[in-house]
Amino acid sequence: MERETILVVDDEKEIRELVEIYLKNEGYKVILAKNGEEALKVLQQNEIHLIILDVMMPKMDGTQACIKIREEKNMPIIMLSAKSEDIDKIMGLTTGADDYITKPFNPLELVARVKSQLRRYIKLNINKPVNQSIIEIDDLVINIDTHEVKVYGKDVRLTPREFDILKLLASNKGIVFSIEKIYERVWKETFLDSDNTVMVHIRKIREKIEENSRRPQYIKTVWGVGYKVEN
């Protein structure tokens, strides 16, 4: 099972491949880039948890890339450099790098530093407050505050009643709600046995959010009981 994704940026093919071998042996997923411009493109298309960034590279060097990355991203950055003078270390760290290692380096030391930086990064992110207004279920995203719903990144237009039903079920994953309970919670009125309003609304929601409304992925029917959204 692969762990975090690490971006290795170095213009020397041998170094990229050496670092890749050691990181993959530890179970990490590795993406390679040979300069800063390539690294920025990779960051736009992938979720990266840590960057190993060489200082001296063509087109866009590591220092410039680090500054650009830090405008939007906060993942750990470990700088690589053939220079060992203190001024180079200071410059690397003041541009936003978290650690610095000089070439030639021991790959096992680099792996140890990667693990240390990832532990710190993951711990800090775990302790961040969770946005309670966003509900994500696979490719379905519900924003409770803005009443926005997206499936596969595309906006889905729901009526207020449809949104309230979906919010109720999605906010209580795994809990089965009877038609009566849904009606009383959403419409805030007494339910009548002959009323099929909830079923009609569920059908419309499924038509909008499900790829196949006859085999729903999100809103499941529990026969004889009601409806639920699974975890």
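For the criterion of being closer than 17 Å to Ser171 by Cα, under 26 Å from the mean Cα position of the chain (by Cα), at pLDDT 85 or above and not in a loop (DSSP other than H, G, I, E, B), Lys220 passes. Scanning the stretch 42-58 for residues that are assigned to a loop (DSSP other than H, G, I, E, B), surrounded by 15 or more Cβ atoms within 10 Å (Cβ to Cβ) and not hydrophobic (A, V, I, L, M, F, W, C) yields one hit, His49. Inspect the stretch 180-203 for any residue being exposed (fewer than 12 other Cβ atoms within 10 Å of the Cβ) and under 30 Å from the mean Cα position of the chain (by Cα) and give the result as yes or no. No: zero hits. Scanning the stretch 185-231 for residues that are of a type in the set (A, V, I, L, M) and in contact (Cβ under 8 Å) with a residue 24 or more places away in the chain gives Val186, Val198, Ile202, Ile205, Ile209, Ile219, Val222, Val225, Val229. When the criteria are applied in full, Val176 meets the requirement of being at pLDDT 85 or above and touching a Gly at 6+ places or on another chain (Cβ under 8 Å). Summed over the stretch 26-38, the residues that are modelled with pLDDT of 95 or more and part of a helix (DSSP H, G or I) give a count of 0. Selection of the stretch 1-51 for residues being among the charged types (D, E, K, R) and in contact (Cβ under 8 Å) with a residue 60 or more places away in the chain yields Glu4, Asp10, Glu26.
The values are calculated or read from the model by the stated rules, or taken from the named source; none is laboratory data. Predicted model, so just to flag it, every value in this text is computed and none were measured. Quick reminder, even Gly has a Cβ in these numbers, built from the backbone with ideal geometry, and neighbours come from all protein chains shown.
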